[in-house]
1. Take the residues of region 54-68 that are in a helix (DSSP H, G or I), over 26 Å from W101 (Cα atoms) and of a type in the set (S, T, N, Q): which is modelled with the lowest pLDDT?
2. If you check G115 against the conditions, is it in contact with a helix residue (DSSP H, G or I) (Cβ under 6 Å, 6 or more places away or on another chain) and either at pLDDT 85 or above or at positive phi (or both)?
3. Pick from A38, A13, A43: which is within 21 Å of L77 (Cα to Cα), among the aliphatic types (A, V, I, L, M) and touching a helix residue (DSSP H, G or I) at 6+ places or on another chain (Cβ under 9 Å)?
4. Restricting attention to region 69-86, report how many residues are more than 17 Å from N18 (Cβ to Cβ), modelled with pLDDT of 80 or more and assigned to a helix (DSSP H, G or I).
5. Please state which of the following conditions W37 fails to meet, knowing it meets all the rest: (1) exposed (fewer than 15 other Cβ atoms within 10 Å of the Cβ); (2) within 23 Å of F10 (Cα to Cα); (3) of a type in the set (F, W, Y).
6. Of the residues that make up region 42-50, is at least one part of a helix (DSSP H, G or I), within 22 Å of L19 (Cβ to Cβ), of a type in the set (F, W, Y) and without any contact (Cβ under 8 Å) to a residue 60 or more places away in the chain?
7. For region 120-134, name all the residues that are touching a residue at least 40 places away in the same chain (Cβ under 8 Å) and in a helix (DSSP H, G or I).
8. Scan region 3-21 and give yes if some residue there is surrounded by fewer than 11 Cβ atoms within 10 Å (Cβ to Cβ) and of a type in the set (V, I, T), otherwise no.
Amino acid sequence: MTPARRLIAFHFAIGFGNLLLVHDTAVTLVTASPLDWAVIAVAGLAIAGFGYLSERQRFPESAYSAWNALPQKELTLLVLLCIVLLGAGGLSLLYDSGIWWLDDVVVGACVGLIGYRIVYGLVFPVPEAALGRI
């Protein structure tokens, strides 16, 4: 499998896998309020924008040097993701109403990641800088 196809498959697996986790929310999007749609749109655009800037090396050089200095990048990302998810889950357990926008953010981020990878993976070629990361 080529690096481009592997990156596309990896991002699709992340996007669709996380959408399955919030399947109940994704199914009830038909009855979502305009505020829910706004949160989904902002999260999707933020993920797509981050991917666009990241793959074109548009962040300050200090961000890339700090990233390259990490000894185990995958483990660091996994730990950070677990901290965020545990914190959000803990907050939702503390309050009866939960964090109503958390599922919207997850849905928006997944849709943004899938949409970005469709555009810059299937329609247009994957940028060269992204191929070195997989």
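The values are calculated or read from the model by the stated rules, or taken from the named source; none is laboratory data. Values in this document were obtained by computation on a predicted structure and should not be read as measured data. Reconstructed Cβ throughout: ideal geometry from the backbone, glycine too, with neighbour counts over all protein chains shown.
1. Checking each candidate, the answer is N68.
2. No; evaluated as a whole, the condition is false for this residue.
3. A43
4. Of the residues in that region, 4 qualify.
5. W37 satisfies all of (1) exposed (fewer than 15 other Cβ atoms within 10 Å of the Cβ); (2) within 23 Å of F10 (Cα to Cα); (3) of a type in the set (F, W, Y) except (2).
6. Yes: one or more hits.
7. Those that are touching a residue at least 40 places away in the same chain (Cβ under 8 Å) and in a helix (DSSP H, G or I): Y120, G121, L122, A129, A130, L131.
8. no
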